[in-house]
Amino acid sequence: MKLIITRIVLALRNFQQWLVAQAMFGFLNLLKLFPADGAIRFADKVMRRLGRRTRRHKLMLTNLRNAFPEKSEAEIEEIALASWGNMGRLAAEYVFLDQLFDYDPEKSEPGRVEVSGIPIFLDLRDNPRPFIVFTGHTANFELLPVAGAAFGLTVTVLFRPPNNPYVAKKVFDFRSARMGKLVPSHAGSSFALARQLEAGQGVGVLVDQKFGKGLKGTFFGREVKTNPLLPKLVRQFDCEVYPARCIRLPGNRYRLEIEPRLDMPRDQKGNLDLPAAAQLLNDKVESWVREYPEQWLWYHDRWQIKKTLA
């Protein structure tokens, strides 16, 4: 009897995930019927309305108050709604990703996408060596590996699949066709990235996600734990590290930036200082978020405070 009940529960959960996935696919397919600019603006407006009615909105507001104690409630609410709009845009942009990346160095007039740091892209491509490019959940961070592929730069990207298996498969198929090599985040993903670095290639990682067993540090002055993967890979392979980000510009335009190589902190013996390296990553992402706070995903439980809001 217990086995039958378990099977029924699993079947219902699977059906629920299927329904959610179909609803999401239906919404995205609907967006395809409209021009990209109109669809992206529409998704922004929808998410601003829906997001403020979700449980995550309370977490978002708390995160923003803690990060910006100097800001008024009106400013906090404005940033929160814009962050929801950013999420809506990110979803809609998946549909039009092939159209959005239109960078052409031969054009005299800038298109929808402009790129900063092209010499670094070309140097990494033309002088192969192991390297790591890191970013955060800012603006449309998905455009960065698309840009790398467009420049002929081979980068293996670590990504966390959605919990919904139907959505996860769709996202993986879509990303792998446009972003080069992908490594789903799981127990063995660090070995897959290590193999790429060992072969003299590059990897890309997001560094601003919650990680329960990570290295202790601070983010916006509050304690967080940061995934030690990037610092450990640097320690093992002594590879170069480059920050990169996407910035939303007015008129549904984007700027992709790859910054100069970071000097990773060392201890007195010359060994990589893991906690200091993790803090360096946090400080870099924080500087980006402070510049464009509405373009970061504040609904993430980065400070692990969700339980206190129950």
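The values are calculated or read from the model by the stated rules, or taken from the named source; none is laboratory data. This one's a predicted model, so the numbers in the text were calculated from it and none came from an experiment. Methodologically, a virtual Cβ is constructed for each residue, glycine included, from the backbone with ideal geometry; neighbour enumeration extends over all protein chains shown. Remember, those area values only see protein heavy atoms, side chains included, never the ligands or the DNA or RNA. Shrake-Rupley method; radii C 1.70, N 1.55, O 1.52, S 1.80 Å.
At a glance:
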| read-out | value |
| --- | --- |
| Hits in segment 82-125 - residues which are polar (S, T, N, Q) and at pLDDT below 90 | 99, 108 |
| Residue 302 under 14 Å from residue 134 (Cβ atoms) and surrounded by 19 or more Cβ atoms within 10 Å (Cβ to Cβ) | no |
| Meets criteria (modelled with pLDDT of 90 or more, of a type in the set (S, T, N, Q) and either more than 19 Å from residue 69 (Cα to Cα) or open to solvent by less than 40 Å² (accessible area, probe 1.4 Å) (or both)) for residue 252 | yes |
| Pick from segment 268-299, criterion under 14 Å from the mean Cα position of the chain (by Cα) and assigned to a loop (DSSP other than H, G, I, E, B), ranking: modelled with the lowest pLDDT | 299 |
| Pair list, Cβ under 6 Å, 6 or more apart: segment 233-262 residue closer than 19 Å to residue 120 by Cβ, other residue of a type in the set (Ser, Thr, Tyr) and surrounded by fewer than 20 Cβ atoms within 10 Å (Cβ to Cβ) | 257/116 |
| Single unsatisfied condition, residue 227 versus (1) buried (at least 20 other Cβ atoms within 10 Å of the Cβ); (2) touching a strand residue (DSSP E or B) at 6+ places or on another chain (Cβ under 7 Å); (3) polar (S, T, N, Q) | (2) |
| Any hit, segment 238-245, residues being farther than 26 Å from residue 96 by Cβ, open to solvent by 30 Å² or more (accessible area, probe 1.4 Å) and in contact with a Phe, Trp or Tyr (Cβ under 7 Å, 6 or more places away or on another chain) | yes |
| Selection within segment 118-135 - open to solvent by less than 20 Å² (accessible area, probe 1.4 Å) and touching a helix residue (DSSP H, G or I) at 6+ places or on another chain (Cβ under 8 Å) | 121, 131, 132, 134, 135 |
| Unmet criterion (only one of (1) free of Cβ contacts under 8 Å to residues at least 60 places away in the same chain; (2) touching a Phe, Trp or Tyr at 6+ places or on another chain (Cβ under 8 Å); (3) open to solvent by 50 Å² or more (accessible area, probe 1.4 Å)) for residue 56 | (1) |
| Which listed residue, of 53, 125, 112, 65, is more than 19 Å from the chain's Cα centre (by Cα) and within 24 Å of residue 202 (Cβ to Cβ) | 125 |
| Failed item in (1) over 25 Å from residue 144 (Cβ atoms); (2) open to solvent by less than 30 Å² (accessible area, probe 1.4 Å); (3) out of contact with any Pro (no Cβ under 8 Å at 6 or more places or on another chain), with residue 68 passing the rest | (3) |
| Matching entry among 77, 142, 114 (being among the charged types (D, E, K, R) and farther than 27 Å from residue 33 by Cα) | 77 |
